1. Being hydroxyl-bearing (Ser, Thr, Tyr) and not in a loop (DSSP other than H, G, I, E, B) is the filter; apply it to segment B:86-101 and report the residue that is nearest to B:Gln138 (Cα to Cα).
2. Name the residue that is nearest to the other protein chains (Cβ to nearest Cβ), counting only residues in segment A:201-258 that are hydroxyl-bearing (Ser, Thr, Tyr) and assigned to a helix (DSSP H, G or I).
3. Please identify the pairs in which a residue from segment A:157-185 that is touching a residue at least 12 places away in the same chain (Cβ under 8 Å) has its Cβ atom under 7 Å from the Cβ atom of a residue that is of a type in the set (Gly, Ala, Ser), counting only partners at least 6 apart or on another chain.
4. Among the residues of segment B:135-187 satisfying the criterion of being among the polar types (S, T, N, Q) and farther than 14 Å from B:Ala77 by Cα, which is surrounded by the most Cβ atoms within 10 Å (Cβ to Cβ)?
5. Can you give me the ranges of the helices (runs of 4 or more DSSP H) entirely in segment A:113-199 with at least 2 residues that are modelled with pLDDT under 95 and within 18 Å of A:Asp58 (Cβ to Cβ)?
6. Only one of A:Leu186, A:Leu250 is more than 21 Å from A:Ile299 (Cβ to Cβ) and surrounded by fewer than 24 Cβ atoms within 10 Å (Cβ to Cβ); which?
7. Taking B:Ser73 as the residue in question, decide whether it is facing another protein chain (nearest Cβ under 8 Å) and either in contact (Cβ under 8 Å) with a residue 40 or more places away in the chain or more than 17 Å from the chain's Cα centre (by Cα) (or both).
8. For segment A:200-215, indicate whether the set of residues that are in contact with a strand residue (DSSP E or B) (Cβ under 7 Å, 6 or more places away or on another chain), at negative phi and hydroxyl-bearing (Ser, Thr, Tyr) is non-empty.
Amino acid sequence: MSTNIADHVRATLVRRGRWGIGEILFWLIAAATLYFLPERHLILNEIVIIGLFALSLDLILGYAGIVSLGHAAFFGLGAYTAGILARDGIADPLLGLGAAAIAAALLGFVTSFLVLRGSDLTKLMVTLGVALVLGEIANQASWLTGGADGLQGIAMGPILGLFEFDIFGTTAYGYSLTVTFLLFILARRIVVSPYGLSLRSIRDNPLKARAVGIPVNRRLVAVYTLAAAYAGIAGALLAQTTQFVSLDVLAFHRSADVMLVLVIGGVGYLYGGLIGAIVFKVLQDVISAWTPQYWQFWIGLILVIIVLAGRERLTERVRVLWKGVAGRTAKSPETLPKTSAREV
Amino acid sequence: MSDLLTLQKVSAGYGDAVVISNIDLHLKPGESLAVLGRNGTGKTTLLNTIIGVTRHRGGSIMLDGQNLTAMRSDKRAHAGIGWVPQERNIFKSLTVEENLTAVSRPGPWNVNRVYDMFPRLKERRTNMGNQLSGGEQQMLAVARALVLNPKLLLLDEPTEGLAPIIIEELLAALTRIIRREGMSAIVVEQHAQKILGVTDNALILDRGTIVHASSSRALIDDPAALEQHLGVTAKKKPMRAVSH
């Protein structure tokens with residue numbers, strides 16, 4: 001009988017794991033920008049890193065319902081770990097990435113026990129506190145981190161011994177995009193698995209999830225640790241591709257920005273972080289070019305509109321249009337599978 | 001035959017309030033029990049105490065030789081308790097199938113088997129939890145408890161707020177689960193006539209204590225007890241469950 005369940009779960013995984021046309025297009029376009037937008041690789045690299053950082057927040061906020069205002073703690077730790085290793089002679093980017101992931105995951109594991117209890121407000125304060133403590137440690141330990149002057153002297157070796165970083169950001173962008181894509185595949189696999197479903201059950205109702213046999217605390221600790229590792233890798237990518245780390249990576253605005261990015265893109269479907277990062281950086285780029293002094297005013301206004309109007313309502317029209325286009329090419333509407341509103 | 005479930009002098013409640021006190025209860029494997037009583041007599045608290053979401057005040061709870069008293073509710077579910085709460089508590093952001101897949105454990109009850117039991121759920125397998133009617137939600141709540149492959153099923157007012165035709169369908173399914181499949185179950189109901197035809201035994205709670213315990217048949221035939229404890233007149237005959 002356990003084989004039946006295994007077969008059923010496998011079939012469900014395969015069905016839910018199928019990539020949609022929209023998803024394939026999204027990644028094809030992302031890959032195409034490596035060739036078609038060479039002059040924008042620096043900003044695209046930044047977008048991808050923010051997107052990965054937001055994706056890590058989505059894992060805990062969108063899937064497990066853990067709110068955080070201190071996610072920069074893991075991002076910053078990852079950035080400093082990769083940066084310090086590179087400064088001290090371990091210049092291999094992938095080694096740095098692995099070390100950053102482990103360091104951030106360890107911090108995530110230890111601090112996860114602080115967010116298991118209490119209300120959302122408690123979680124916000126605890127996560128914020130952890131980031132502030134880490135920020136102050138980095139500031140005080142200037143012998144290690146460079147303090148307020150930042151970590152200097154980072155020199156990265158070629159990726160896999162083959163691809164040197166260049167001043168146009170092409171290698172950096174290709175590197176960040178590849179890492180983000182691989183981590184996205186892993187995250188996608190996780191969220192459609194029974195483990196991912198149990199996380200969403202916990203987000204819906206932790207008390208009842210526990211009563212139907214889901215080990216709530218263990219699941220939350222695991223996803224918090226995983227998200228911390230993701231954030232650490234995002235931080236490491238920033239450190240390695242910009243070859244500089246400052247206290248800014250642990251600052252409150254980092255945590256606030258990534259929350260903003262996720263609110264713009266939408267929580268609970270993985271692409272929210274990536275789309276939000278694109279919208280956020282493009283808006284920032286366009287508005288700051290138009291009005292350098294007041295760009296934050298406009299970003300704030302747009303955020304208010306998105307929250308008040310509701311992102312789903314705004315994107316509904318796009319979805320309806322897309323369905324209309326897809327419907328014309330489909331054989332019959334009855335053959336289309338029903339999908340969740342959260343799915344792409 | 002040794003007991004599947006034993007409650008000895010169990011007292012429990014919420015916060016400082018003690019809702020049930022000194023409850024003794026024994027349930028054999030394959031046995032079913034109806035828990036009856038007026039509003040606020042502690043029926044739901046009794047089930048909540050067995051699954052472990054109340055404040056324990058005393059006594060012990062044993063399931064199949066395993067002491068559950070100090071166990072977390074997820075461990076109790078793993079030990080073999082399937083709970084169908086009063087509010088159903090379907091995970092709204094999951095589809096019907098995901099609600100089942102998220103919790104299923106190895107055993108005779110799998111997703112396909114509960115689809116056989118509740119064909120409506122199979123039709124709605126891709127619907128989100130919040131896109132189901134009350135009856136479908138209740139069926140999903142029962143199905144979700146079954147795919148845990150429990151030794152004991154706890155059902156809290158399964159027919160509450162449902163249309164008569166859905167109640168018949170649900171009672172038929174419960175009869176099949178309890179009578180034909182031999183699942184041990186405790187069913188909390190306010191309306192005795194609906195459930196006494198399904199269960200083997202019955203007890204009545206009043207102010208958190210057991211005031212009557214007998215076989216379901218004996219209670220059906222004892223209109224005085226029904227009248228005294230539940231305010232049910234003998235005019236209504238117990239609803240006969242329709243089998244599949």
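1. B:Thr95
2. The residue in question is A:Ser201.
3. Listed pairs, sorted by first residue: A:Gly157/A:Ala91; A:Phe165/A:Ala172; A:Leu177/A:Ala30; A:Thr180/A:Gly51.
4. Within segment B:135-187, the match that is surrounded by the most Cβ atoms within 10 Å (Cβ to Cβ) is B:Gln138.
5. Correct list: A:120-140, A:170-192.
6. Only one candidate passes the filter, namely A:Leu186.
7. It is false that B:Ser73 is facing another protein chain (nearest Cβ under 8 Å) and either in contact (Cβ under 8 Å) with a residue 40 or more places away in the chain or more than 17 Å from the chain's Cα centre (by Cα) (or both).
8. Checking segment A:200-215: not a single residue is in contact with a strand residue (DSSP E or B) (Cβ under 7 Å, 6 or more places away or on another chain), at negative phi and hydroxyl-bearing (Ser, Thr, Tyr).
The values are calculated or read from the model by the stated rules, or taken from the named source; none is laboratory data. As the structure is a computational prediction, the values presented were derived from the model and not from experiment. Methodologically, a virtual Cβ is constructed for each residue, glycine included, from the backbone with ideal geometry; neighbour enumeration extends over all protein chains shown.
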